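Reviewing the structure listed below.
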Amino acid sequence: EHQRLDRTGGALDTALSKGVDRHRLRMATLAGRLSLRPARQTIARAPKDLGKLTARLVAAKRKGLAQRREALSSAERLLASLSYTGTLARGFAVVRSGGDVVTSAAMARDHTSLELQFHDGRVTVGGSDGPSTAQKPRGKTKEPKRPPEQKSLFGD
């Protein structure tokens, strides 16, 4: 049995040597394919690629900024058209008295002085500012209507 173990041990040594040789050959083949050239080409190309990416980033930033400027300009135009100053530019006026806005003829009659604001400035009309001492004009007073006379329900 000792001989049998010696043979088996020798066979294992041979198999191990062949396996190592086979792997060594495979590694040598793979090592021959390895090259620094692709890595060097990538490194050499990097500044050019970085320049292209930088130019694209700058262009994208400029475009985004231009879009934001246009949106802001559009919002500004909308604000101008909707604000009361835009209305004044179309020929309307704001009427004030004592800093308060006067919104009706009845309110205007209560004041002796009014301030009119136009698109290009303000003008004061009338006397001193404050409540009017003049009485409001009165309309004709009507006589109260009398209800028609009702006849008696008991036949009198």
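The values are calculated or read from the model by the stated rules, or taken from the named source; none is laboratory data. Please read all numbers here as calculations on a predicted model, not as lab measurements. Neighbour counts are summed over all protein chains in view; Cβ atoms, including those assigned to glycine, are modelled from backbone coordinates with ideal geometry.
Scanning segment 68-89 for residues that are free of Cβ contacts under 8 Å to residues at least 12 places away in the same chain and either closer than 30 Å to Thr112 by Cα or of a type in the set (D, E, K, R) (or both) yields a total of 9. None of Ser132, Ser97 is surrounded by 12 or more Cβ atoms within 10 Å (Cβ to Cβ), at pLDDT 85 or above, in contact with a His (Cβ under 7 Å, 6 or more places away or on another chain) and not aliphatic (A, V, I, L, M) except Ser97.
Take Asp21 and tell me if it is surrounded by 10 or more Cβ atoms within 10 Å (Cβ to Cβ), outside the structural domain of Arg122 (by TED's automatic domain parsing) and at pLDDT below 85. It is false that Asp21 is surrounded by 10 or more Cβ atoms within 10 Å (Cβ to Cβ), outside the structural domain of Arg122 (by TED's automatic domain parsing) and at pLDDT below 85.
Set side by side, the residues Ser73, Ser97 differ, and just one is touching a Ser or Thr at 6+ places or on another chain (Cβ under 9 Å) and hydroxyl-bearing (Ser, Thr, Tyr), which is Ser97.
In this structure, Arg69 qualifies as part of a helix (DSSP H, G or I) and either at pLDDT 95 or above or exposed (fewer than 10 other Cβ atoms within 10 Å of the Cβ) (or both).
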